[in-house]
């Protein structure tokens, strides 16, 4: 088993295939690959594929390649290449050998295209895009042959060379496979293999002006790398026919087999890089790593851990059945992880002042555990002084018995400190409470009142003198509907997906590390954002303490 996942689980269908292949000696070892297109940031759907491909290679002592299928220079960028590598390593995986690129094989791919032309299986077509769609037909109407379909081999070779030399403009012509215009599968109706693009490529620069299509490139790259099990999502199921047709009609060092599994669909978000790019381009979010985005970078910035994401991918499993996973499954994974591994701290997000009138002298230094169930995490120091901040929601002038917080004339315990009783308040001209006055019982540190008084409520606090001013970004689900309509994104956005609050954090958090998660007691799990610094602490809420969302 992989060191990343030692829990015994039932074997999914791809594991069963691999084990049968090894038993039958169809393969002596396995080789998988993760082949993203570098045209955006990876999202949690890609995390499922990463965990599957790298996890299988680790489980069966094989190899897993990281290969960029970089065939579209207009949409791709080196920044995406770098972010993808970072995401894979952050999840806890390392590819075998060097990073690979489909562009490494452009010369070989070109030669395979020439081979197909020489066999009479590919031709240069001058139909424009609109004409090509009309000739292709529909699901209920067979296609018609292009008038260029029967061009002589020698002429096609010359025309393809002219394409390579840049003698035609973009869109003027393409190279198409000659398969079957009457096929019930649209992908087999003479698909495009090469098109002209006068765009600089992030790897090959301006060496090429013709670029192979993804479907042509992908299967040949798998074969060149001798991938044994080519794993992809179900939307490529029909394309397996084209995958196999290409490999059957050229001479390659191996003939990998494609297997499909269900892609990850997650409630309250989208799993389309094109639509996620639209969110970024319209500035509905603050970039690809906005903590509301389902990108791996966004999850990382929000405070999700690699262990929680891997656990999520394990829980949802690998099947051929399409479904939409509930968001609370993902949130449960991060809660389970952070509950055990995150230290505790106190922060007040909506502060109101409390003055303890009978407290005199210098501030005290109290001690509190960093984690109530893990003594090894140690203790932290909590300054206690005359003036404190508490959360505004933790005080009422009058309340019924169900309210277990601070009420005028009643007592409550300050977490890891003393019992206090509210006595009076100050208000501003609008009637808002500006200050609460209280008395504290100095005999109640770490123990109940000696006269038998029962104090049931506990609230969090920070010393006003010592607290660190902080900004708290309370993130929620990006969309207000569980399955947002990709055509009406603006209308589906949740207006409360980000609420910014100005408050105070206990002084120990001035040394918090970026991305380090804390449980702010009674508030949720938070982590320090990369935009923060020692002068301006910014904390992102990773997840609430418990599931509270309703449609």
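Below are the figures for this structure:
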| item | result |
| --- | --- |
| Criterion (in a helix (DSSP H, G or I) and crowded, with 20+ Cβ neighbours inside 10 Å) met by exactly one of 222, 290 | 222 |
| Failed item, numbered, when residue 49 is tested on (1) touching a residue at least 24 places away in the same chain (Cβ under 8 Å); (2) under 20 Å from residue 304 (Cα atoms); (3) surrounded by fewer than 20 Cβ atoms within 10 Å (Cβ to Cβ); (4) in contact with a strand residue (DSSP E or B) (Cβ under 8 Å, 6 or more places away or on another chain) | (3) |
| Count of segment 140-163 residues which are touching a helix residue (DSSP H, G or I) at 6+ places or on another chain (Cβ under 7 Å) and touching a residue at least 40 places away in the same chain (Cβ under 8 Å) | 4 |
| Number of the condition not met by residue 233 [criteria: (1) over 19 Å from residue 14 (Cβ atoms); (2) within 26 Å of the chain's Cα centre (by Cα)] | (1) |
| Evaluation of residue 198 against (1) surrounded by fewer than 23 Cβ atoms within 10 Å (Cβ to Cβ); (2) in a strand (DSSP E or B) (one fails), failing number | (2) |
| Qualifying residue in segment 475-497 (condition: at pLDDT 95 or above, more than 19 Å from the chain's Cα centre (by Cα) and in a strand (DSSP E or B)) | no |
| Yes/no for residue 193 being touching a helix residue (DSSP H, G or I) at 6+ places or on another chain (Cβ under 8 Å) and under 17 Å from residue 106 (Cα atoms) | yes |
| Residues located in segment 309-325, provided they are touching a residue at least 60 places away in the same chain (Cβ under 8 Å) and over 28 Å from residue 89 (Cβ atoms) | 320, 322, 323, 324 |
| Answer from 61, 110, 27 - the residue that is assigned by TED's automatic domain parsing to the domain that holds residue 206 and surrounded by fewer than 23 Cβ atoms within 10 Å (Cβ to Cβ) | 110 |
| Among residues of segment 328-354, those that are over 19 Å from residue 473 (Cβ atoms) and surrounded by fewer than 17 Cβ atoms within 10 Å (Cβ to Cβ), counted | 7 |
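The values are calculated or read from the model by the stated rules, or taken from the named source; none is laboratory data. This one's a predicted model, so the numbers in the text were calculated from it and none came from an experiment. Neighbour counts are summed over all protein chains in view; Cβ atoms, including those assigned to glycine, are modelled from backbone coordinates with ideal geometry.
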